[in-house]
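*Asks:* Below you'll find the structure I mean.
Nothing in this text is a laboratory measurement; each read-out follows from the coordinates by a stated rule. Keep in mind the model is a prediction, meaning the values are calculated, not measured. Note: ideal-geometry Cβ built from the backbone for every residue, glycine included; neighbour counts use all protein chains shown.
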Amino acid sequence: MLEVIQHNRDTKGEFIASLDGQKAGLMTYSWAGEDRIIINHTEKEPAYNGKGVGKEMVYKAVEFAREKNLKIIPLCPFAKAIFQKNEEIRDVL
């Protein structure tokens with residue numbers, strides 16, 4: 001089962017995906033003021049390509065943004081593509 005955990009530090013944070021106890025991916029973000037985060041990097045372990053890991057991390061960031069009433073700036077090309085393909089998550093842009 002895919003699990004995505006969010007970690008937040010002072011000005012940066014990350015979402016770490018794991019599948020069956022193994023690291024599957026990482027997505028990093030930076031704070032842009034008090035009400036916005038910038039997704040700046042997404043990476044997946046090669047063994048998990050095509051398993052939805054990257055998309056799941058973006059969706060977890062959307063969930064986080066909705067809970068905290070934040071907006072997301074997707075500078076990462078992968079995250080930007082996910083937002084372009086999925087209209088239902090664009091409310092946080």
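*Asks:* Between Lys23 and Glu67, what FRET efficiency comes out of the Förster formula 1/(1 + (r/R0)^6) with R0 = 30 Å and r the beta carbon distance, rounded to 0.05?
*Replies:* Between Glu67 and Lys23 the formula returns 0.80.
*Asks:* Same structure again: Quick one: net charge of Arg66's neighbours, Cβ under 13 Å, K/R +1, D/E -1?
*Replies:* Spelling it out: positives minus negatives among the neighbours equals -1.
*Asks:* Tell me the label-point distance for the pair Ala32, Gln6, using the 7 Å Cα-to-Cβ offset, in nm and rounded to one decimal.
*Replies:* Distance between label points: 1.7 nm.
*Asks:* In the structure shown, do any of Lys44/Lys68; Lys12/Lys55; Lys12/Lys80; Lys23/Lys71; Lys23/Lys68 have a Cα-Cα gap over 24 Å, and if so which?
*Replies:* Over 24 Å apart, Cα to Cα: Lys44/Lys68; Lys23/Lys71; Lys23/Lys68.
*Asks:* Using 0.36 nm per residue, how much length does the chain from Asn49 to Asn86 gain when fully extended, once their Cα-Cα distance is taken away?
*Replies:* 11.4 nm
*Asks:* How large is the convex hull of the Cα atoms of the chain per residue, expressed in Å³ as a whole number?
*Replies:* 89 Å³
*Asks:* Please state the relative contact order of the chain as a whole percent: Cα pairs under 8 Å, 6+ residues apart?
*Replies:* 22 percent.
*Asks:* Next up: Please get the size of the charge dipole for region 2-92, origin at its Cα centre, with Cβ charges of +1 on Lys and Arg and -1 on Asp and Glu, quoted in debye to the nearest 20.
*Replies:* Dipole about the Cα centre, nearest 20: 220 debye.
*Asks:* Follow-up. Can you tell which of Tyr29, Gln84, Val58 lies farthest toward the positive end of the dipole of the chain, using +1 and -1 charges on the Cβ of basic and acidic side chains (Lys, Arg; Asp, Glu)?
*Replies:* The residue sitting most towards the positive pole is Gln84.
*Asks:* Put +1 on the Cβ of each Lys and Arg and -1 on the Cβ of each Asp and Glu in region 1-65; which of Val4, Ile16, Tyr48 then has its Cα farthest toward the positive end of the dipole?
*Replies:* Checked the options; the winner is Tyr48.
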